[in-house]
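Trainee: Sharing a structure below in structure tokens format, with a few things to ask.
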Amino acid sequence: MSDTIQKYKDYVMTGFVKLVAPIVIDRASGASVWDSSGREYLDCFSGISVVNAGHNNPRVIAAAKAQMEKLIHCCSYLYHVEPVADLAEKIAQVAPRGLTKTFFGNGGAEAIEGAMKLARLYTGKHEFIALHGSFHGRTWGTLSITGNQGRKKRGGPYAPGVSFAPSPYPYRSLWPNDPEECGRQCAKALDEVIRFSTSGDIAAFIAEPVLGEGGILVPPKNYFREVKKVLDQHGILFIADEVQTGFGRTGKMFAIEHYGVEPDILVTAKGIADGFPLSAFTTRPEIAAAYRPGDHLSTFGGNPVSCAAALANIQFLHEENLPTRAAESGQYAMQKLREIQKQNPLIGEVRGLGLMIGVELVRDEKLSPANTEAEAVRDALLRQGVLVGVGGVYGNVVRFQPPLIITREQIDRAVDAFAAALAAITQPAPV
Ligand code: PLP
């Protein structure tokens, strides 16, 4: 056993994951990583949807290095720091209309917590509504608004004042062939949750524009427009959790742009700095003005090196047109995966937006979740040198979320490997 794997066993807490993949990642570039024996793997999971501009992007590295030589940390909320100002200005330029003021944190959950606090301060209201199947982080507050028992178990009881509405999941709904009807009915159900399950004292509704950990659930086109009408009727803010969907991943800079509505608060992390730890929430000036001295801060939030990396990352995304490329590559990959689906009944649905793609595996026509099969496919892909994720509320969705710079040849390699992995796990055992 390698020294690193042994030290993990002895000294690193990993009891919360079923299995750490039995490889030691040593270096990375573009859409590839290499293990300590020099074997290359095609990374179709991007460190959980993070390195949108590719691993070790030279432009991001150069910006971070230059900043590191000048200043690493002095607390970006006690003093003015140039890359923080520049990045906040850049985010105001690329975020949905009207969202111009940003708070920077370190990770997704921290930013979600800050957005929740700000929504309460601004509205003077206290409750939240979230979606079934959602995931918003691992802190107690973010688990309280997470709609998935798989993530919440052993952590309760959770915060009071949180209600959940059904997520628009056409494939497992009463309207599998009519996604717009599913969208309408789910928005109607949100209205009913507000009327019947809450005190009416609701600060915000929070949703991922595409539910990532929930199994790459892509809400129907009409869903967020219908939802916004309901929220406006009740005077409730809309927080878009774009931690996983932001920065080009779904074929637009932010996934909510697909739906033609504007959130009141946009939360981002993961893809913001191509691997450097950084998160943000961005809102309108009048909402940001609800903060008073003492209400909020983060020692490391808005780290200058991470902010410099984020600026270079966003410039790269723009110059290389990566959102458009993600949209085109995603179409290409999904079309190939749907070809495989025709030959393989284990594939229940191929769905996604841009390069956020889920393949839901089912055992039968009752859609019994094929969760052990999904794990077996992931493990078989690892053996073939391709990294993918597994997720979904039933644990049966194989997730393809590669760096947006992935080439057609690399997509072909991943899809071919996926077909081979499926064939390997569905082959009858030799007699
Ligand atoms: N929100 C969403 C949609 C996520 O997918 C995640 C992480 O997977 C989070 C929040 C939490 O982010 P972090 O792990 O950086 O705290």
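The values are calculated or read from the model by the stated rules, or taken from the named source; none is laboratory data. Everything numeric here is computed off the predicted structure, so don't read it as measured data. Please note: Cβ atoms are built from the backbone with ideal geometry, for glycine as well, and neighbour counts cover all protein chains shown. The area values use the complete protein model at the heavy-atom level, side chains included, leaving out ligands, DNA and RNA. Shrake-Rupley method; radii C 1.70, N 1.55, O 1.52, S 1.80 Å.
Trainee: Provide, as a two-decimal number, the C-alpha radius of gyration of segment 172-245 over 2.2 N^0.38 Å, N being how many residues it has. The partial results should precede the final answer.
Mentor: Numbers: Rg = 12.6 Å, N = 74, 2.2 N^0.38 = 11.3 Å.
In units of the globular-protein estimate, segment 172-245 measures up at 1.12.
Trainee: Now for a separate question. Starting from the 7 Å offset along Cα-to-Cβ, what nm value, one decimal, do you get for the label separation of Ala290 and Ile72?
Mentor: Between Ala290 and Ile72, the simple spin-label model gives 3.7 nm.
Trainee: Moving to a separate point now. Once the whole set of protein chains is in place, how much accessible area is left on Ser167, using a 1.4 Å probe, in Å² to the nearest 10?
Mentor: My reading of the accessible area for Ser167 is about 20 Å².
Trainee: Using only protein heavy atoms and a 1.4 Å probe, report how much of Thr372 is accessible, in Å² to the nearest 10.
Mentor: Result for Thr372: roughly 90 Å² accessible.
Trainee: So how do 7-13, 395-401 stack up, highest first, on mean other-Cβ count within 10 Å? Please list the in-between numbers first.
Mentor: Details: 7-13: 9.7, 395-401: 25.9.
Descending packing order for the listed peptides: 395-401, 7-13.
Trainee: Working out 0.36 nm times the residue gap between Gln335 and Ile48, then minus their Cα-Cα distance, what length gain in nm do you get to one decimal?
Mentor: Contour length minus the Cα-Cα distance gives 101.0 nm.
Trainee: Could you order peptides 273-285, 150-162 by the average number of other Cβ atoms within 10 Å of their residues, highest first?
Mentor: 273-285, 150-162
Trainee: Once you put a point 7 Å from the Cα of Lys366 and another 7 Å from the Cα of Val94, both along the Cβ direction, what distance in nm separates them?
Mentor: With each label point 7 Å from Cα toward Cβ, the separation is 4.7 nm.
Trainee: When the chain is modelled as a GNM with alpha-carbon springs shorter than 10 Å, which of Ala370, Ala290, Ala165 fluctuates the most?
Mentor: Sorting by GNM fluctuation, first place goes to Ala290.
Trainee: Picking from Ser134, Ser199, Ser144, which is most flexible by a Gaussian network model of the chain using Cα springs under 10 Å?
Mentor: Ser199
Trainee: When the chain is fully extended, how far beyond the present Cα-Cα distance does Glu409 get from Leu297, taking 0.36 nm per residue of separation?
Mentor: 35.8 nm
Trainee: Quick one: check the C-alpha center-to-center distance for segment 143-219 versus segment 271-343, whole angstrom.
Mentor: With segment 143-219 and segment 271-343 each reduced to a Cα centre, they are spaced 23 Å.
Trainee: Please state, to two decimals, what the Cα-based radius of gyration of segment 1-158 comes to when divided by 2.2 N^0.38 Å (N = residues).
Mentor: In units of the globular-protein estimate, segment 1-158 measures up at 1.32.
Trainee: Could you sort Lys366, Lys342, Lys65 by accessible area so the largest value comes first, with the probe set to 1.4 Å?
Mentor: Highest to lowest solvent-accessible surface, that is Lys366, Lys342, Lys65.
Trainee: Please report how far the C-alpha centroid of segment 103-124 lies from that of segment 1-27, rounded to the nearest whole angstrom.
Mentor: A separation of 33 Å, based on Cα centres.
Trainee: Per the helix-only calculation at 222 nm, which mean residue ellipticity applies to the chain, given -39500 (n - 2.57) for every DSSP H run of n ≥ 4 and division by its residues, nearest 500 deg cm²/dmol?
Mentor: Numbers: 14 runs with 169 residues, N = 431.
Estimated from H runs of four or more residues: -12000 deg cm²/dmol.
Trainee: Sort Trp34, Trp175 by heavy-atom solvent-accessible area, probe 1.4 angstrom, most to least. It would help to have the intermediate numbers written out before the result.
Mentor: On the way: Trp34 50, Trp175 75 Å².
Reading off the accessible areas and sorting them downward yields Trp175, Trp34.
Trainee: Taking the chain as a Gaussian network, where each spring joins two C-alpha atoms under 10 Å apart, which residue of Gly137, Gly392, Gly260 fluctuates the most?
Mentor: Of Gly137, Gly392, Gly260, the Gaussian network model singles out Gly260 as fluctuating most.
Trainee: Quickly work out the Glu180-to-Asp26 label distance, labels modelled 7 Å from Cα along the C-beta direction, and quote it in nm with one decimal.
Mentor: With each label placed 7 Å out from Cα toward Cβ, I get 5.6 nm.
Trainee: From the C-alpha coordinates alone, can you work out the Kirkwood hydrodynamic radius of segment 263-348, in Å?
Mentor: It is 16.5 Å.
Trainee: Follow-up question, since we're still on this one. Mind checking the alpha-carbon convex hull of the chain and giving the volume per residue in Å³?
Mentor: 158
Trainee: Which entries of Lys125/Lys229; Lys65/Lys90; Lys270/Lys366; Lys188/Lys270; Lys228/Lys252; Lys101/Lys270 show an alpha-carbon separation above 25 angstrom in the structure shown?
Mentor: Violating the 25 Å limit, Cα to Cα: Lys270/Lys366; Lys188/Lys270.
Trainee: For Asp86, what accessible surface area do you get with a 1.4 Å probe? Give it in Å², rounded to 10.
Mentor: 60
Trainee: Remind me, relative contact order of segment 128-283 in percent, using alpha carbon pairs under 8 angstrom and six or more residues apart?
Mentor: 19
Trainee: Okay, moving on. Apply the a/c threshold of 1.5 to the C-alpha gyration tensor of segment 273-431 and tell me whether it is rounded, prolate or oblate. Please report the intermediate quantities before stating the final value.
Mentor: Numbers: a/c = 2.57, a/b = 1.98, b/c = 1.29.
Verdict is prolate for segment 273-431.
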